[in-house]
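Student: Mind looking over this structure? Questions follow.
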Amino acid sequence: MILTDHEILQNMEKGLIKVEPFNRDSLGSNSYDVHLGSTLAVYKDSVLDAKKHNLIESFQIPEEGYVLTPDNFYLGVTMEYTETLAHVPFLEGKSSVGRLGIDIHATAGKGDVGFCNHWTLEISVKKPVRVYNGMPIGQLIYFETKGEVITPYNKKSSAKYNQVQPIPMESMMWKNSF
């Protein structure tokens, strides 16, 4: 089941959900709106290798915004730091963002119980579009779990995205054995 606004607030009071900064106006009926942070990144290499550490180049979104183009793939980050200690968070794009032709994730819309960080966004666009620091970009939806979680994400020794930083994180696929 998806948590309602009332349930999200109750779980925040219990310390099971955290959103910083929190803005009551961003709380929807059954979701919480998150905003684009100030940093975007692009990969340095034109061909990415799943077994290699592919480096990124980060840059700040200027005050006048930044035009994303369909010929590139961008990593962004949410302004908000979140903690979800007892629920499964899903990040979906806002419909207004989708109607601008912006996809905010290629595959990684689901977080794990215990995810405590800013969300890295996997951004692609259908046509050139100007984006701005702080614009609404997505919404978090919280699902209840069934059963005990043995090892939350923030306690996993194999977790690759536990380093808390308000900047986009590149793929850590290269840390896997295959």
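Student: Taking the dipole about the Cα centre of the chain, with the C-beta of Lys and Arg at +1 and of Asp and Glu at -1, give me whichever of Val97, Ile56, Asn30 is farthest to the positive side.
Tutor: Checked the options; the winner is Ile56.
Student: Hey, what do the phi angles of segment 14-24 turn into as Karplus ³J(HN,Hα) couplings, whole Hz, using 6.51/-1.76/1.60 and θ = phi - 60°, x for Gly and Pro?
Tutor: 6, x, 8, 10, 10, 9, 10, x, 9, 10, 4
Student: Work out the FRET efficiency for Ser29 and Lys52 from their Cβ-Cβ distance, taking R0 = 35 Å, and round it to the nearest 0.05.
Tutor: Calculated transfer efficiency: 0.20.
Student: How much length is gained on full extension from Thr107 to Ile167, taking 0.36 nm per residue of separation minus their Cα-Cα distance?
Tutor: 19.7 nm
Student: Then there's this: So which GluC sites (Glu not before Pro) in segment 38-81 are both in a DSSP loop and have at most 15 other Cβ atoms within 10 Å of their Cβ?
Tutor: Glu63, Glu64
Student: Here's another thing I want to ask about it. With the cut-off at 19 Å, tell me which of the pairs Lys44/Lys160; Lys18/Lys146; Lys14/Lys94; Lys18/Lys110 have Cα atoms farther apart than that.
Tutor: From the list (Lys44/Lys160; Lys18/Lys146; Lys14/Lys94; Lys18/Lys110), the Cα-Cα distance tops 19 Å for Lys44/Lys160; Lys18/Lys146; Lys14/Lys94.
Student: For the chain, max minus min Cα coordinate along each principal axis, in Å, sorted largest first?
Tutor: Projected onto the principal axes, the Cα atoms of the chain cover 44, 41, 23 Å.
Student: A further question follows. Computed over the Cα atoms, what is the radius of gyration of segment 32-83 divided by 2.2 N^0.38 Å, N being its residue count?
Tutor: Ratio of Rg to 2.2 N^0.38 Å for segment 32-83: 1.33.
Student: Grab the beta carbon distance between Glu92 and Ser157, set R0 = 41 Å, and tell me the FRET efficiency rounded to 0.05.
Tutor: Computed FRET efficiency for Glu92 and Ser157 comes out at 0.90.
Student: Go through segment 142-178 and name the trypsin sites (Lys or Arg not before Pro) that are in a DSSP coil and have 15 or fewer other Cβ atoms within 10 Å of their Cβ.
Tutor: Lys146, Lys156, Lys160
Student: Amide H neighbours of Tyr81 under 5 Å, counting only residues 5+ apart in sequence or on other chains, H built in-plane at 1.01 Å?
Tutor: Glu20
Student: Please give the net charge around Met173, taking every other residue with its beta carbon less than 12 angstrom from that of Met173, where Lys and Arg add +1 and Asp and Glu add -1.
Tutor: The answer is +2.
Student: Under a point spin-label approximation (7 Å from Cα along Cα-to-Cβ), what is the Phe59-Lys126 distance to one decimal in nm?
Tutor: So the label points at Phe59 and Lys126 sit 2.6 nm apart.
Student: What number does segment 55-138 give for Rg over Rh if you use C-alpha atoms and the Kirkwood radius?
Tutor: 0.97
Student: Hand me the chymotrypsin sites (Phe, Trp or Tyr not before Pro) from segment 1-59 located in a DSSP loop with no more than 15 other Cβ atoms within 10 Å, in residue order please. Don't skip to the answer; put the middle values down first.
Tutor: Details: sites: Phe22, Tyr32, Tyr43, Phe59; in loops: Phe22.
Within segment 1-59, the qualifying chymotrypsin sites (Phe, Trp or Tyr not before Pro) (loop, at most 15 other Cβ atoms within 10 Å) are Phe22.
Student: Now, a different point. Roughly speaking, what is the centre-to-centre gap between segment 126-158 and segment 6-61 when only Cα atoms are used, to the nearest Å?
Tutor: With segment 126-158 and segment 6-61 each reduced to a Cα centre, they are spaced 6 Å.
Student: Express in nm, to one decimal, how much length is gained between Glu148 and Phe178 on full extension, taking 0.36 nm for each residue of separation and deducting their alpha carbon distance.
Tutor: Gain in length upon complete extension: 7.8 nm.
Read the figures in this text as sums done on the coordinates, not as results from a lab. If you're wondering where the values come from, they're calculated on a predicted model, not measured in any experiment. When we count neighbours, we look across all protein chains shown, and the Cβ atoms used for this are built from the backbone with ideal geometry, even at glycine.
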